[in-house]
Amino acid sequence: MTAVAADRITAAAQAFSAAEQLAADFAQGAAARDRGRILPHQEVERLAASGLLAITVPAEYGGADLPPSAVAEVVRILATADPNIAQIPHSHFVYLNLVRLAGSEQQRQRYFAQVLDGGRIANAQSERGGATVADIATTVRPVGNQFRIDGRKFYCTGSLFANLLAVLTKLDDPQGRGGLAAGEYIAYLPADSPGVRIIDDWNGVGQRTTGSGTVTFDEVLVERDQLIHRSAAVHAPTGYGAFAQLLHAAIDAGIARGALTAATEFVRTTSRPWFESGVANAVDDPLLIQRFGELSVTVTAAEATLTAAGVAVDAATGAASEHAEGLAGRASLAVAAAKVLADNAANEVSSALFEVSGTRSAAADLNLHHFWRNARTHTLHDPIRWKYQHLGRALLHGTAPPLHGVI
């Protein structure tokens, strides 16, 4: 996968405008792409060419250095049109953030430059077979002057569209021959590296075109300077996890708004009023008006909480060390609340679309159910029952949220 020539974005307003223009185009074919599982290769190339994938590159490396709140808004805008496309660059932004927080100067220069030139990063993180999702079996071990990666990853969102893969590995070097500290490393390697196999086998009920299939690594050789120890970002009060979760919440909030917009358009143009309403047009049915008002509040609350969480994550990003722990904790809790409301909004509104639109909306050729399937699938990422737990413990016990990258 070759990079594309990318425009340079320098301000948040420019980023939002570019996202809105792309979203308007992406919305036109979203249902058809979902129905036929047509992978959005051209759309992702347009996204990269727009410069939006480089908006977090720090200013000293030539980027716009936009804050997390701006990235979340870009993602939310894209998700209103096609949440598949909005999810594809999630890991791209997260692993660029890891480079910023934990990479060496040489690594920052290399990977930021690649992204400015249109490069795209995808994750190879999750595995099956362990006791929990946190168990990592993929290893990186020293071999001569290099390191070798072996393993199998699943749910590798964006891998079919990526130039670089960010591979979560566990160091296997009991004798210390490689000179690396123990722990988990992210390996940044070209997607076409020898020994890498990207398999298009994602078959989820929703988010069908995110390229979230399997990637295998068979004796893949990497250099030392392709490895980043993730502890400095994940196990420190950096806001790393809050940023990642903020973008997930933005996707869900976008799905909710997209579903509400689709329902509004359908009722305005296609739905018939219920005969007992005594009105000529569905839009004048007082019970429908009431329900749309309720759904509007649900979506607006999710969006407002997302905005507030973005402000909190902005404050935690790059905070002075004496304030970092408190700001990072507040950011994680703010994002937890945003994730709860966005999760609920996406699932409720995408289901209510049929409730308010009537039987005609269930026609398979319309594929309006892609909103619900996308919401139901994406919101499985991180269970909101644990967001409630962290919020409750913070209130009752004054317990800070954990530092594990998923809160």
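The values are calculated or read from the model by the stated rules, or taken from the named source; none is laboratory data. The model shown is predicted, which means the values in this text are computed figures rather than measured ones. Heads up, the Cβs are rebuilt from the backbone with ideal geometry, glycines too, and the neighbour counts pull from every protein chain shown.
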Query - the range 363-380: number of residues that are under 28 Å from Thr132 (Cα atoms) and either buried (at least 17 other Cβ atoms within 10 Å of the Cβ) or assigned by TED's automatic domain parsing to the domain that holds Gln28 (or both) - result: 8
Report summary line: Residues in the range 1-23 that are within 22 Å of Gly211 (Cα to Cα) and assigned to a helix (DSSP H, G or I) total 3
Query raised in the report: Is there a residue being hydrophobic (A, V, I, L, M, F, W, C), in contact with a strand residue (DSSP E or B) (Cβ under 8 Å, 6 or more places away or on another chain), surrounded by fewer than 24 Cβ atoms within 10 Å (Cβ to Cβ) and not in a helix (DSSP H, G or I) anywhere in the range 97-109?
Result: no
Query raised in the report: Of all the residues that make up the range 63-85, how many are assigned to a helix (DSSP H, G or I) and either free of Cβ contacts under 8 Å to residues at least 12 places away in the same chain or among the small types (Gly, Ala, Ser) (or both)?
Result: 5
**Report entry** Only listed residue being over 30 Å from Val140 (Cα atoms), part of a helix (DSSP H, G or I), of a type outside the set (Asp, Glu) and touching a residue at least 40 places away in the same chain (Cβ under 8 Å), chosen from Phe243, Phe266
**Finding:** Phe266
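On the basis of being within 18 Å of Gln245 (Cβ to Cβ), out of contact with any strand residue (DSSP E or B) (no Cβ under 6 Å at 6 or more places or on another chain) and not in a helix (DSSP H, G or I), does Ala309 make the cut?
No; evaluated as a whole, the condition is false for this residue.
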Query raised in the report: Can you pull out the residues in the range 315-367 that are charged (D, E, K, R) and closer than 25 Å to Pro401 by Cα?
Result: Glu322, Glu325, Arg330, Lys339, Asp343
Query raised in the report: Which one of these does Leu160 not meet: (1) buried (at least 17 other Cβ atoms within 10 Å of the Cβ); (2) assigned by TED's automatic domain parsing to the domain that holds Asp192; (3) over 30 Å from Arg373 (Cα atoms)?
Result: (3)
Requested in this report: Please determine, by comparing only the residues of the range 203-231 that are surrounded by 23 or more Cβ atoms within 10 Å (Cβ to Cβ) and among the hydroxyl-bearing types (Ser, Thr, Tyr), which one is farthest from Asn367 (Cα to Cα).
Outcome: Ser212
Query raised in the report: Does at least one position in the range 170-181 carry a residue that is at pLDDT 95 or above and not in a loop (DSSP other than H, G, I, E, B)?
Result: yes
Requested in this report: Report, by residue number, each residue of the range 337-353 that is among the β-branched types (Val, Ile, Thr) and either at positive phi or more than 16 Å from the chain's Cα centre (by Cα) (or both).
Outcome: Val349
Query raised in the report: Can Arg360 be described as surrounded by fewer than 14 Cβ atoms within 10 Å (Cβ to Cβ) and part of a helix (DSSP H, G or I)?
Result: yes
Report summary line: Selection over the range 182-202 where residues are in contact (Cβ under 8 Å) with a residue 60 or more places away in the chain, in a strand (DSSP E or B) and surrounded by fewer than 19 Cβ atoms within 10 Å (Cβ to Cβ) yields a count of 0
